[in-house]
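Have a look at the structure below before the remarks.
The values are calculated or read from the model by the stated rules, or taken from the named source; none is laboratory data. On a predicted model such as this, the values are computed, not experimentally measured, just so you know. Here the Cβ is made from the backbone with ideal geometry for all residues, glycine too, and neighbour counts use every protein chain on show.
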Amino acid sequence: MTHANAPLTPAGRLRLARCVVDERWPLRRAAEQFQVSVSTAQRWASRYRAEGQAGMRDRSSRPHHSPRRTPTRTERRVIKVRLARRWGPARIGYLLGLNPATVHRVLTRYRLARLAHLDRATGRPIRRYERATPGELIHVDIKKLGNIPDGGGHKVLDRASAHRNKQATTTARYPHGKPRIGYHYLHNAVDDHSRLAYTEILPDEKKDTAVAFWRRAHAFFTAHGITVARVLTDNGACYRSRAWREALTTAGITHKRTRPYRPQTNGKVERFNRTLLDEWAYARPYRSETERRAALPHWLHTYNHHRGHTALGGHPPTSRVPNLPGQYT
């Protein structure tokens, strides 16, 4: 393919070559006329003499010989180790005595999938999917997160000061005497097609709490013009309860559960959990749990309305929502 900034297209090369060969222009004059170097004019004229018009086409820049290329036997060993052990370039290079960059080039040359794109249990490429319309599938999950003591935890202070903050924040203790700062639970719901997310911080993961969360999440999606048809959860006790089943059945929603020990089946909400931790929960050193919780609504709004998503072509989730109630800034 001709480079975007190339001064000559195949048709331009043919005109230049004909001026030199057929009309006997001097090379320097042809080079000036077509605004290329003399060596370039000579190259196209020589190709025209040898091959005619067919010689004006682009050729591969791949070398005819690569004497320093990794031997085929070594490449086979690299591939064998990758498929058998699912190691990265650094570990394979250490085992075989190769530079990790060389191993990476071999893996790329044979188009072997990145480790992040493989199922850890089977080593097979993960089959990715996306529902065609919003609401066709909603992923629901719960993430347990430790509370931050007043004054900050060890990410802000040294461990001794953080320990004192724990003791000052609460009087409840574990049986072995350590202070109990406690946990909270992030209940999350993510639309498969648009990635629109709804999150609440709740005190537990009991069935009544999960059902109440879903009713508010359902109202949230409905307010955005999304009709929920199916919900996918893991096999947690709250999702196997009669209360959860009745809450979905009453609304005409089908409930699906993932296979045991296969969290990647619910991968979109699992990925949202990681994003939530990286960009909100641990994004900066909070001085208290109250401060961190106060930052959640703003972050969630940014995620839904402004943060570009790679799976959506750099657009935010609301770009795929059919009926937004007004504009958000």
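Any residue in region 57-70 that is in a helix (DSSP H, G or I), over 30 Å from R15 (Cβ atoms) and among the hydroxyl-bearing types (S, T, Y)? Checking region 57-70: not a single residue is in a helix (DSSP H, G or I), over 30 Å from R15 (Cβ atoms) and among the hydroxyl-bearing types (S, T, Y). Criterion applied to V106, V81, V20, V36 was being of a type in the set (V, I, T) and assigned to a loop (DSSP other than H, G, I, E, B), and the one residue passing it is V36. Against the conditions (1) aliphatic (A, V, I, L, M); (2) farther than 14 Å from H139 by Cβ; (3) out of contact with any Asp or Glu (no Cβ under 7 Å at 6 or more places or on another chain), V231 satisfies every one except (2). Of all residue pairs spaced 6 or more apart or on separate chains, those with beta-carbon atoms under 7 Å, a first member in region 249-271 that is part of a strand (DSSP E or B) and a second member that is of a type in the set (G, A, S) are T254/A229. Hey, among A54, A4, A11, A30, which residue is in contact with a Leu (Cβ under 7 Å, 6 or more places away or on another chain) and modelled with pLDDT under 95? On inspection, the qualifying residue turns out to be A30.
Scanning region 219-230 for residues that are in contact with a Leu (Cβ under 9 Å, 6 or more places away or on another chain) and under 25 Å from A295 (Cα atoms) yields a count of 3. Out of the residues in region 276-292 that are buried (at least 16 other Cβ atoms within 10 Å of the Cβ) and of a type in the set (K, R), which is farthest from the chain's Cα centre (by Cα)? Result: R287. No other residue among V228, V211, V190 is on the phi < 0 side of the Ramachandran plot, in a helix (DSSP H, G or I), in contact with a Phe, Trp or Tyr (Cβ under 6 Å, 6 or more places away or on another chain) and not hydroxyl-bearing (S, T, Y) apart from V211.
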